[in-house]
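Notes follow once the structure below has been shown.
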Amino acid sequence: MTGLPLDGVRVLSVEQYGAGPFASLYLADMGAEVIKIEPPTAPGRPGGDSSRRSGPHFLGEGDSHFFQTFNRNKRSLTLDLKRAEGREILHALLPGADAVMNNLRGDQPAKLGVDYDALGGLKPAIVCAHLSAYGRTGARAGWPGYDFLMQAEAGYLSLTGEPGAPPARMGLSIIDYMTGVTTAFALVAALLAAARTGRGRDVDVSLFDVAMHQLSYPATWYLNEGDAIGRRPRSGHPSVVPCETMPTKDGWIFVMCVLPKFWEGLAAALGRPDLPRDPRFADPAGRLANRDALMAILDPLTKTRTTAEWMEVFAGTVPAAPVLDFGAALDNPFFRERGGVRTVPHPVRPGFGMVANPIRAGAAPDDRPAPALGADTDALLREIGVAPARIRALRAAGVI
């Protein structure tokens with residue numbers, strides 16, 4: 001198989017920092033031409049995506065490990081959309097584009113003219129994808145917002161960690177990343193509709209809505225039964241036992257006995273095939289009610305072997321995973337065997353390592369490093385017929 005699924009798709013993306021660039025990263029990795037629109041440098045103000053200056057690890061002026069993580073395989077166009085001349089250039093690029101994406105505050109797309117009301121008349125099939133903190137409507141449309149705030153308000157901090165511990169967030173910006181993936185999906189779905197009908201639309205995704213949506217089935221329990229889940233010992237499942245971390249001779253292992261056969265397999269592997277017949281542990285409700293008594297039996301057994309030894313015993317029969325620290329997770333031989341690390345030919349750091357896109361689409365992308373600020377500005381302007389003298393004038397005026 002040759003080519004990537006989104007080969008030939010062009011996306012203009014007004015994006016900054018994390019969630020928006022993560023969304024367009026999926027598109028770029030799948031073959032789309034993503035043109036990253038960044039603010040030009042101005043007196044007293046550095047240009048470009050603010051993540052170019054996000055530490056602690058840098059790759060020279062205007063580049064960082066953080067920026068590279070979210071912006072490989074893209075092109076960079078500097079353009080001031082607050083200026084009429086900047087919006088004129090955007091309009092001139094529109095005929096060759098399939099979508100315009102942004103992760104601005106919710107009140108900004110209309111002001112900058114990157115919504116369907118502003119662009120649909122110029123190109124009816126254009127898709128306008130908006131990723132914001134709280135949406136483009138409502139009392140918080142103009143509010144800034146970040147991942148950790150969403151985790152806090154959506155109840156995540158009440159679910160993470162051990163019972164009785166202070167509120168704790170997840171270790172990663174999972175809401176940013178889920179919102180990015182959701183936005184990429186929404187954009188591609190709207191492109192399919194536009195291909196069928198010839199008409200684009202606005203699609204809106206917010207960090208807040210995604211955070212709340214991820215509450216999933218526990219939310220259904222609460223909305224219908226008033227059952228509000230809380231923290232479980234050892235990061236356990238709210239209703240399934242044993243489905244949690246278990247101590248080993250040298251660390252921890254996570255075991256998930258979601259089905260009866262897995263519980264029976266675990267008991268047999270631990271040398272206690274009788275436990276599933278114990279009335280206290282015979283069904284899910286009993287194991288949940290008698291969780292502490294069950295763990296008092298199981299813990300001494302799991303401590304008799306190392307995590308690696310138990311992984312060999314459980315392999316393919318009992319769903320289990322070693323509890324690894326951050327470095328060990330990235331050094332995991334299985335992860336490397338899966339092609340989880342790709343190298344990018346960065347001019348400052350040849351062989352720059354990055355986590356590969358998780359989608360296997362037949363053809364492997366020919367990864368390029370994230371672009372220098374404005375690296376593609378002149379080429380894109382020449383493409384739409386802007387003369388060299390005009391390009392120089394626009395740059396002198398701070399439009400590009």
Review point. Can you list the HN-Hα couplings for the range 316-324, worked out from phi with the Karplus curve (6.51, -1.76, 1.60; θ = phi - 60°), rounded to whole Hz and with x for Gly and Pro?
Key: x, 10, 10, x, 8, 8, x, 8, 9
Exercise for review: Enter the Cα centre distance for the pair the range 358-380 and the range 24-76, rounded to the nearest angstrom.
Suggested key: 11
Review point. Using a Förster distance of 41 Å, how high is the FRET efficiency between PHE334 and ASP378, based on the Cβ-Cβ distance and rounded to 0.05?
Key: 0.35
Review point. What residues have an amide H closer than 5 Å to that of PHE58, excluding those fewer than 5 places away on the same chain, when H is modeled at 1.01 Å from N in the peptide plane?
Key: HIS65
Practice item. Write down the Kirkwood hydrodynamic radius of the range 252-322, to one decimal in angstroms, obtained as one divided by the mean of 1/r over all alpha carbon pairs. Key: 12.3
Practice item. Ignoring everything but the protein chains, give the 1.4 Å probe accessible area of ASP107 in square angstrom, nearest 10. Key: 50
Review point. For the chain, with only Lys/Arg (+1) and Asp/Glu (-1) charged at the beta-carbon, what is the dipole magnitude about the Cα centre, in debye rounded to 20?
Key: 580
Review point. For semi-axes √(5λ) of the Cα gyration tensor in Å, the choices are (i) 34, 23, 20; (ii) 48, 24, 19; (iii) 29, 27, 23; which was calculated from the structure?
Key: (ii)
Point to revise | Nearest-10 value in Å² for the accessible area of LEU6, using the 1.4 Å probe | key: 30
Study note, to complete from the structure: So TRP221 and HIS57, fully extended at 0.36 nm per residue minus their Cα-Cα distance, gain in nm 54.6 nm
Point to revise | Heavy-atom surface of the chain, accessible at 1.4 Å and reported per residue (Å²) | key: 49
Practice item. May I ask you to evaluate 6.51 cos²θ - 1.76 cosθ + 1.60, the Karplus curve with θ = phi - 60°, for each residue of the range 3-17 and list the ³J(HN,Hα) values in order in whole Hz, giving x for glycine and proline? Key: x, 10, x, 9, 3, x, 8, 10, 10, 8, 10, 8, 9, 9, 6
Review point. Taking a probe of 1.4 angstrom, what is the accessible area of ILE297 in Å², to the nearest 10?
Key: 40
Practice item. Run the accessible area of the range 252-322 with a 1.4 Å probe and give the carbon-and-sulfur part as a rounded percent. Key: 61
Study note, to complete from the structure: In Å, the Kirkwood estimate of hydrodynamic radius for the range 170-237 over Cα pairs equals 14.6
Review point. How big is the gap, in Å, between the Cα center of the range 209-282 and the Cα center of the range 111-146?
Key: 42
Review point. To the nearest 10 degrees, how steep is helix 174-197 against the longest Cα principal axis of the chain, on a 0 to 90 scale?
Key: 60
Practice item. Could you pull out every residue, at least 5 positions away or on a different chain, whose amide H is within less than 5 Å of the one on THR160? Hs are placed 1.01 Å off N in the peptide plane, and Pro or chain starts have none. Key: ALA168
Check your understanding: Residue by residue through the range 250-258, which ³J(HN,Hα) values in whole Hz follow from phi under the Karplus form 6.51 cos²θ - 1.76 cosθ + 1.60 (θ = phi - 60°), with glycine and proline marked x?
Key -> 10, x, 9, 9, 9, 10, 10, 8, 6
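The values are calculated or read from the model by the stated rules, or taken from the named source; none is laboratory data. What you see is a predicted model, and the numbers here were worked out from it, not measured in a lab. Positions of Cβ are backbone-derived with ideal geometry, glycine not excepted, and every protein chain shown enters the neighbour counts. Note: areas computed on protein heavy atoms with side chains; ligands, DNA, RNA excluded. Shrake-Rupley method; radii C 1.70, N 1.55, O 1.52, S 1.80 Å.
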